[in-house]
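A.B. asks: I am attaching a structure below and will ask some questions about it afterwards.
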Amino acid sequence: MSTPMLEIVNLHVRVEDKEILKGVNLSVPAGEVHAIMGRNGSGKSTLSYAIAGRDGYEITGGDIRLDGKSILDMEVDKRAAEGLFLAFQYPIEIPGVATMTFLKAAMNAQRKARGEDEMTIPEFMKAVQEAAKNLSIDKDMLKRALNVGFSGGEKKRAEMLQMTLLEPKMCILDETDSGLDIDALQVVSEGVNQLRAPNRSMLVITHYQRLLNHIVPDRVHVFSDGRIVESGGKELALELEAKGYANYEGAAGAV
């Protein structure tokens, strides 16, 4: 049996003296897209932040393994170098940092961590232009400071651009459909789908089934009260859309 790309074992997480995750078990094989659905406050975003290594999210038990290797003791940049990418629900604006400067620094930091040479300017420009074209990102957007003055759709496209260029092996999309109109949702989803590959896995966190019409998951997991309480195929998302989460309130254990 092959090693899962992402394996979470009995994970417990505390935030500001409150236990949020209460024993999460999850295995995402290489090449698969898994979706996590649940109500606000169920712990979905806490899971994404804990995997990424965000400060203030205290791991009190369990383990997180990326491609067979525990990442609990790794700093955020080391986790990124190992191939982890988190797309935020609300990407932050960074005034004074040009989008192109940020992209070049991020790509070269990843290459340095892998023992590779930095990209030349022509190589970098060609890679950005090709990826931007596929995501309907115009040149003016690339000339601006990172996310400053961007619409919700532009911010998400900028994150998809980062993900495309960095080529991570484990992508976590935390409610990436928030604030997107249908056109932007389709563009972002197409960008995600273009990145699906046998050696890359994705964890898509969302409230709504509509995103999963565009990014069709291999497995769907229901989150409630800090645990995964039900898992199934893509049809489970349709059931949740029709019936809501009431049947899973107070459900115990992990599947």
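A.B. asks: For Ala184, are the conditions met, namely being hydrophobic (A, V, I, L, M, F, W, C) and more than 22 Å from Tyr90 (Cβ to Cβ)? Quick ask: steps written out before the conclusion?
C.D. replies: Working: hydrophobic (A, V, I, L, M, F, W, C): yes; more than 22 Å from Tyr90 (Cβ to Cβ): no.
Here the answer is no, as Ala184 does not meet what is asked.
A.B. asks: Assess whether Ile94 counts as being in contact with a strand residue (DSSP E or B) (Cβ under 6 Å, 6 or more places away or on another chain), without any contact (Cβ under 8 Å) to a residue 60 or more places away in the chain, of a type in the set (Val, Ile, Thr) and surrounded by fewer than 14 Cβ atoms within 10 Å (Cβ to Cβ).
C.D. replies: Working: in contact with a strand residue (DSSP E or B) (Cβ under 6 Å, 6 or more places away or on another chain): yes; without any contact (Cβ under 8 Å) to a residue 60 or more places away in the chain: yes; of a type in the set (Val, Ile, Thr): yes; surrounded by fewer than 14 Cβ atoms within 10 Å (Cβ to Cβ): yes.
Taking the combined requirement at face value, the residue satisfies it.
A.B. asks: Take residues that are in contact with a Phe, Trp or Tyr (Cβ under 7 Å, 6 or more places away or on another chain), at pLDDT below 95 and within 22 Å of Lys169 (Cβ to Cβ) and tell me which of the strands (runs of 3 or more DSSP E) falling wholly in region 192-255 contain 3 or more.
C.D. replies: On the way: elements: 201-206, 219-224, 227-232.
So the answer is none; nothing clears 3.
A.B. asks: Exactly one of (1) surrounded by 13 or more Cβ atoms within 10 Å (Cβ to Cβ); (2) under 19 Å from the mean Cα position of the chain (by Cα) is unmet by Asn108. Its number?
C.D. replies: (2)
A.B. asks: In region 1-103, which strands (runs of 3 or more DSSP E) lie fully inside it and hold 1 or more residues that are acidic (Asp, Glu)? Reasoning before the result, please.
C.D. replies: Values: elements: 6-15, 18-28, 33-37, 58-66, 84-87, 94-98.
Filter on region 1-103 gives 6-15, 18-28, 58-66.
A.B. asks: So in region 113-139, with the set limited to residues that are assigned to a helix (DSSP H, G or I) and at pLDDT below 90, which one is farthest from Thr46 (Cα to Cα)?
C.D. replies: Kept after step one, since they are assigned to a helix (DSSP H, G or I), are these residues of region 113-139: 113, 121-134, 139.
Right, trim to at pLDDT below 90 and you get 113, 133-134, 139.
Details: Ala113: 27, Lys133: 33, Asn134: 31, Lys139: 35 Å.
In this case the residue turns out to be Lys139.
A.B. asks: Related question: Taking region 140-149 only, how many residues are assigned to a loop (DSSP other than H, G, I, E, B) and over 20 Å from the mean Cα position of the chain (by Cα)? Spell out the reasoning first.
C.D. replies: Going residue by residue through region 140-149, those that are assigned to a loop (DSSP other than H, G, I, E, B) are 143-144, 147-149.
Going one step further and asking which of them are over 20 Å from the mean Cα position of the chain (by Cα), we end up with 143-144, 148-149.
Adding up the residues that qualify gives 4.
A.B. asks: Name the residues in region 39-55 that are touching a strand residue (DSSP E or B) at 6+ places or on another chain (Cβ under 7 Å) and on the phi < 0 side of the Ramachandran plot, would you?
C.D. replies: Taking region 39-55 first, the residues touching a strand residue (DSSP E or B) at 6+ places or on another chain (Cβ under 7 Å) are 42-48, 50-52.
Of everything in region 39-55, those that are touching a strand residue (DSSP E or B) at 6+ places or on another chain (Cβ under 7 Å) and on the phi < 0 side of the Ramachandran plot turn out to be Ser42, Lys44, Ser45, Thr46, Leu47, Ser48, Ala50, Ile51, Ala52.
A.B. asks: Among all residue pairs at least 6 apart or on different chains, which show Cβ distances below 7 Å where the first residue, located in region 126-137, is surrounded by fewer than 16 Cβ atoms within 10 Å (Cβ to Cβ) and the second is small (Gly, Ala, Ser)?
C.D. replies: Listed pairs, sorted by first residue: Asn134/Gly191.
A.B. asks: Now for a different question. Take region 205-238 and flag every residue that is hydrophobic (A, V, I, L, M, F, W, C) and either out of contact with any His (no Cβ under 7 Å at 6 or more places or on another chain) or without any contact (Cβ under 8 Å) to a residue 12 or more places away in the chain (or both). Quick ask: steps written out before the conclusion?
C.D. replies: First pass over region 205-238, keeping only residues hydrophobic (A, V, I, L, M, F, W, C): 205, 211-212, 215-216, 220, 222-223, 228-229, 236-238.
Those that are hydrophobic (A, V, I, L, M, F, W, C) and either out of contact with any His (no Cβ under 7 Å at 6 or more places or on another chain) or without any contact (Cβ under 8 Å) to a residue 12 or more places away in the chain (or both): Ile205, Leu211, Leu212, Ile215, Val216, Val220, Val222, Phe223, Val229, Leu236, Ala237, Leu238.
The values are calculated or read from the model by the stated rules, or taken from the named source; none is laboratory data. Note that the structure is a prediction, hence the values are computed from the model and not measured. No Cβ is skipped: glycine too gets one built from the backbone with ideal geometry, and neighbour counts run over all protein chains shown.
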